[in-house]
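See structure below.
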Amino acid sequence: MIPLTGNDQEMSRMKSSSAVVLVLFMLLLIPIGTQGVVVNQSTFTPAAEALLEPQDYIWQEINGFCAWAATAMAFQYAGVDVDLYDIFALSTIGFSFAYFRFDDTFLVFPGALLTQVEPTHFMANLYGVNYTQYLGTDTPNLEQTVQVYDSQGINIGLIDGQYHAMDFMRQTIDSGYPILISVDPMFLPASDYDILREQELSGGGHGVLVVGYNDTAQTATIIDPGVGSFGDDFGYPIDGRGNYSTISYTLLLDAWSARYFITSTFLPMTTPVSSIDDHLGPMVRDKLLGVGTTYFPTSANAYVGKFGQAAFRGLSEDLTPEGLKNLLSVFDGVEDEVNFKASLLYFIGFGVEAQVTLQYLSFRTALYSLPILMPDTNLTSFVAAGEAALPAFDDLADNSSLIFPGNLTQATGYVFNIFQGISDSYNSSGDIDAALAPYESDLASITADLLTIADSWQAAGAALDEIWPSGILAVYGPYIAFGVGGVVALVIVVFWWIKKKPSQ
């Protein structure tokens, strides 16, 4: 994740916002791992070199989609001809959205950032791609993570240090396939990341493909989908700097080890499903309608959060004046209360805008890709229902919140500006009712757009339910189970899950 920075005023706001967790934009890669087996160290030939033949370069287009762009290119090497928009549809992340609101927690996740391992595993199974995720042996909470993914049938392997990592890189490339690795982008040589070095912003995660190595020159060849995705140089890298660029082994290891050697491979070694339509259609249906267990198959998160259309409805309720006052009341009596609450309002606006923007970009493209990927099914009604959400998404979305990481003064979107105005007014007056009053109509517009999206997603899911009937228990069962199971026990489990599972 690339932390947010700015001038002293913005830093002050940030420091006082820690009690509410806002999941903002990230440059992310799937945490990666074969049944908990350590990758064997091999003897490699000094001065060896290898370089894979190029495939189509896929640009991630904006901050937040690096994992999916890199995965699309890895699929190409595995023999599956897909582009970024296909990946949004096949993984169902374009049709996924989550909202968690309980106690002092406020979490908003677009599908692209919610969870990446399970959707990638699902997508790989559709086409018979052997997807394996690797984690470094020093990954925090490693044993629990391996158990969770192993229980879901996801191939998990371990990388034991930098020598194993480099040997595994050579072995995989020698077999004809790249590795997809998670790196701290601050160590990447492209000038696009100078902004991170200048501000000393380390600790982020970004996905690149390694497609070559040269032991004589001590360099690796990478494909980086992230160049040109943010900052003043935003735009497709027509100079080719993201495609087949070199990085020294030293910088590669620095960048890779900072992310616990998270790695994944995609190999064409299994049998595809007999009907993509009959697997993908029901999954998209359940993601849109908000079936929690399709989002988190083995986690209490499935019962605590709101998903799909229900997530947009829940968010719309909490962004009303009454909903915001209810959220702020949780922090009555905290130190420097007014400044603290003002900062929460500020970051709620920024976080919601950034996350809804990412969802818009992935949903819009996935909506039109799905009929091409499912040619045996008539999706006319589905597309028409989904299109009803696009104007509302367009009202709420603004790319500026994603293009300029670390510089909130560049955020110019409607939602962000409304919440910035409320925040500034409240910080000055200390009167929340007076701060909200001038913006009631704007908040009403925002919540109306969220409800329009919810209605559209529900209608699109219902269109798929006509083709693949699910029954009411399949759609709403998780919420019934939540009521029966008990809130207290599930909240305890969800906090355990969040703590134990590594960052995605």
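General observations
- Per-region count, the range 181-232, residues at pLDDT 95 or above and at positive phi: 1
- Every test in (1) aromatic (Phe, Trp, Tyr); (2) touching a Phe, Trp or Tyr at 6+ places or on another chain (Cβ under 6 Å); (3) buried (at least 21 other Cβ atoms within 10 Å of the Cβ) is passed by residue 59 save one, and that test is (3).
- Candidates 358, 402, 328, 373, filtered to the one that is modelled with pLDDT of 95 or more, in contact with a helix residue (DSSP H, G or I) (Cβ under 8 Å, 6 or more places away or on another chain) and surrounded by 23 or more Cβ atoms within 10 Å (Cβ to Cβ): 358
- Here residue 56 does not fit the description of being outside the structural domain of residue 352 (by TED's automatic domain parsing), among the acidic types (Asp, Glu) and part of a helix (DSSP H, G or I).
Per-residue answers, yes or no, for (1) in contact with a His (Cβ under 6 Å, 6 or more places away or on another chain); (2) buried (at least 16 other Cβ atoms within 10 Å of the Cβ); (3) among the β-branched types (Val, Ile, Thr); (4) part of a strand (DSSP E or B):
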position	(1), (2), (3), (4)
132	no, yes, yes, yes
138	no, no, no, no
158	no, yes, no, yes
169	no, yes, no, no
177	no, yes, no, no
181	no, yes, yes, yes
186	no, yes, no, no
197	no, no, no, no
200	no, no, no, no
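- Residue identified as under 23 Å from residue 387 (Cβ atoms), more than 13 Å from the chain's Cα centre (by Cα) and either surrounded by 21 or more Cβ atoms within 10 Å (Cβ to Cβ) or aliphatic (A, V, I, L, M) (or both) among 112, 98, 89: 89
- For the range 130-153, the set of residues classified as of a type outside the set (Asp, Glu) and more than 18 Å from residue 266 (Cβ to Cβ) consists of 136, 137, 139, 140, 141, 142, 144, 145, 146, 147, 148, 151, listed by residue number.
The values are calculated or read from the model by the stated rules, or taken from the named source; none is laboratory data. The shown structure was predicted, so the numbers you read here are calculated from the model rather than taken from an experiment. Cβ sites come from the backbone with ideal geometry, for glycine too, and all protein chains shown count toward neighbours.
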